[in-house]
1. Any idea what the dipole of the chain comes to, in debye rounded to 20, about its Cα centre with Lys/Arg Cβ at +1 and Asp/Glu Cβ at -1?
2. Can you give the extra length, in nm with one decimal, that the chain gains between Trp240 and Glu259 once fully stretched, where that is 0.36 nm per residue apart less the Cα-Cα distance?
3. Just to confirm my numbers, what's the Cα centroid distance between segment 223-289 and segment 65-109 in Å?
4. For the chain, modelled as a GNM with alpha-carbon contacts under 10 angstrom, which of Val27, Val144, Val243 fluctuates the most?
5. According to the square roots a ≥ b ≥ c of the eigenvalues of the Cα gyration tensor, what is the shape class of the chain, taking rounded for a/c under 1.5, prolate for a/b larger than b/c otherwise, and oblate for the remainder?
6. Could you tell me which of Val161, Gly197, Ile28 has its Cα farthest along the dipole of the chain towards the positive end, charges placed at Cβ (Lys, Arg +1; Asp, Glu -1), taken about the Cα centre?
7. If you put +1 on each Lys and Arg Cβ and -1 on each Asp and Glu Cβ, how big is the dipole of segment 144-288 around its Cα centre, in Debye rounded to 20?
8. Quick check: pseudo-label points 7 Å beyond the Cα along Cα→Cβ at Leu42 and Thr224, how many nm apart are they?
Amino acid sequence: MGKIIWELDFYSRPILDENKKKLWEVVICESPTSIDRSLDSLFQYSQYCSNQTVNSIWLREAIEKAIQEAEAPPKKIRFFRRQMNNMITKACNDAGITAIPSRRTYALYQLLEKRTREVYPNEPGYDAKAANSASVQYPAMNAVPLPDAVRGDRGDKWAFVSLEAADFAEMKEWDISFGEAFPLSLANVTPETKIPGLIIYSPRAIALAAWMSGLEMGWLQLETGTLPRLLLETGVSDNWILVNLTTPQTVAEAKKFDETKDRANGVHFLAVQSSSESDSFAGFWLLKN
């Protein structure tokens, strides 16, 4: 069995108790780290919590209950809600599990959306007004260059490419040193959907991919303006300058990449290779906005 990762959210829900106070809930699901996992096969757990018992002790006990129901405990737990950082981190640490702030909670986002549509409206005390409140958004940190140790000293090249969604069915057979995927059913794309990507060709491919593997990979974001560039967004608010777009041609290619990504419901990929002739990938990450 490979490395098991969970995704967790602990927050108030649009349900009022008998005292007209919002119920809280912990929702946990397994991260589908490979392309061939089905959502139905992922471990899921949920438990409501009175607003009077919202603390790290209750959350730790809930995590321990989930572990008892699971086939195996996770190696780490991802969470996206930054304002819950201290409580979630303490509860996970007390349960002996590393907590990781991350935007790579693709399965959890879908599970929360499903519960918002299908579960909460059927609960006593459901509050439709609260359910329609805005979702959490965090401002990104200022973008910074990649560390010198993984940059190719101007030896790096890059290219925008695209694959059909059906091509990823064989991803498990590809020679990839570092990376992570998820089932494309998370994004409701058809087999013919074009999935855009960026490939970086670097003489330091392994060093670059190994460094990236230590990040919580979110997605690629096009930033236009006086200095157009493509950013790698990681963690819950970190930004890295991946590519500077210095010509009208590269800006046009990046805009086409962004448009294709939108048509693919946000799905795209980042790959790292030593050269365009290589048959293997130092790194390959399937990503989603």
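Read-outs: derived from the displayed coordinates by stated rules, not from any lab. From a predicted model like this one, the values you see are computed outputs, not experimental measurements. Note that we place each Cβ from the backbone using ideal geometry, even for glycine, and neighbour counts take in every protein chain shown.
1. So the magnitude is around 840 debye.
2. Using 0.36 nm per residue and subtracting the Cα-Cα distance, I get 4.7 nm.
3. With segment 223-289 and segment 65-109 each reduced to a Cα centre, they are spaced 28 Å.
4. For the chain, modelled as a Gaussian network with Cα springs under 10 Å, the answer is Val144.
5. Working: a/c = 1.91, a/b = 1.78, b/c = 1.07.
Cα axes put the chain in the prolate bin.
6. Going by the charge dipole, the pick is Ile28.
7. Once rounded to the nearest 20, the dipole reads 340 debye.
8. Output for this residue pair reads 3.2 nm.
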